[in-house]
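Enquirer: Quick one: structure below, then a few questions.
The values are calculated or read from the model by the stated rules, or taken from the named source; none is laboratory data. Computed from a predicted model, the values in this text were never measured in an experiment. Cβ placement follows ideal geometry from the backbone for every residue including glycine, while neighbour counts extend to all protein chains displayed. The area values use the complete protein model at the heavy-atom level, side chains included, leaving out ligands, DNA and RNA. Shrake-Rupley method; radii C 1.70, N 1.55, O 1.52, S 1.80 Å.
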Amino acid sequence: MKAEDLRDRILLLLAEELGTYTIGKPPLTNDSPAICIQDSGETRPNDRAITGLEIIIRRSPERNSPAVYGGVHRQRVWQLFLVQHQGCHTLQTAIDKLELSFPNTKSIVIGANQQKNIREQVSVKIPDMTEFAKQ
């Protein structure tokens, strides 16, 4: 799976929970769903305001090789960050939907950051289940 494929699936799944990016200044503004793909350490452009729930997908999956009976099952794991900004609080509903839709999804609470107007953030890891040999 590619990061863009995962983004598209999540966009459909969480359409009602996602917040918005507002780009530009009134009266010339453009709103879009608050979901993006970023490299580790990459920052969001300063020209957008965020309202509600933002989802950040790391551009490249982590490699995970848990030991299983008879060998090693090699898989990739996608890391997402769910960041709850001001506005409607939909974080827990989004986590519930992700856990129901993607088996073996794990989430870890990161916490709040009042200086950045972040009410709550969670790291979510979704197994891709694509074996390395097939890539």
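Enquirer: Filter the stretch 77-124 down to the residues that are closer than 23 Å to ASN46 by Cβ and surrounded by 15 or more Cβ atoms within 10 Å (Cβ to Cβ) and list them by number. Please lay out each step first, then the result.
Expert: The first filter runs over the stretch 77-124 and keeps only residues closer than 23 Å to ASN46 by Cβ, leaving 80-87, 110, 112-121.
Result: LEU80, PHE81, LEU82, VAL83, GLN84, HIS85, ILE118, ARG119, GLU120, GLN121.
Enquirer: Do we have any residue at all in the stretch 125-135 that's surrounded by 14 or more Cβ atoms within 10 Å (Cβ to Cβ), within 23 Å of LEU11 (Cβ to Cβ), in contact with a Lys or Arg (Cβ under 7 Å, 6 or more places away or on another chain) and modelled with pLDDT of 90 or more? So that I can check it myself, show each step before the final result.
Expert: Going through the stretch 125-135, the residues surrounded by 14 or more Cβ atoms within 10 Å (Cβ to Cβ) turn out to be 125-128.
Still in the running and within 23 Å of LEU11 (Cβ to Cβ): 125-128.
Narrowing the set further to residues that are in contact with a Lys or Arg (Cβ under 7 Å, 6 or more places away or on another chain) leaves 125, 128.
Of the ones still in play, those that are also modelled with pLDDT of 90 or more are 125.
Yes, the conditions are met somewhere in the stretch 125-135.
Enquirer: Quick one: in the stretch 1-47, of everything that is in a loop (DSSP other than H, G, I, E, B) and under 17 Å from THR105 (Cβ atoms), which residue is most open to solvent (accessible area, probe 1.4 Å)? Step through it out loud before you land on a result.
Expert: Taking the stretch 1-47 first, the residues in a loop (DSSP other than H, G, I, E, B) are 1-2, 14-17, 19, 26-27, 34, 39-47.
Still in the running and under 17 Å from THR105 (Cβ atoms): 1, 14, 17.
Working: MET1: 69, LEU14: 0, GLU17: 18 Å².
Across the stretch 1-47, the extreme among qualifying residues is MET1.
Enquirer: Oh, and also: Could you please give the count of residues in the stretch 98-117 that are modelled with pLDDT of 90 or more and in contact with a His (Cβ under 8 Å, 6 or more places away or on another chain)?
Expert: 0
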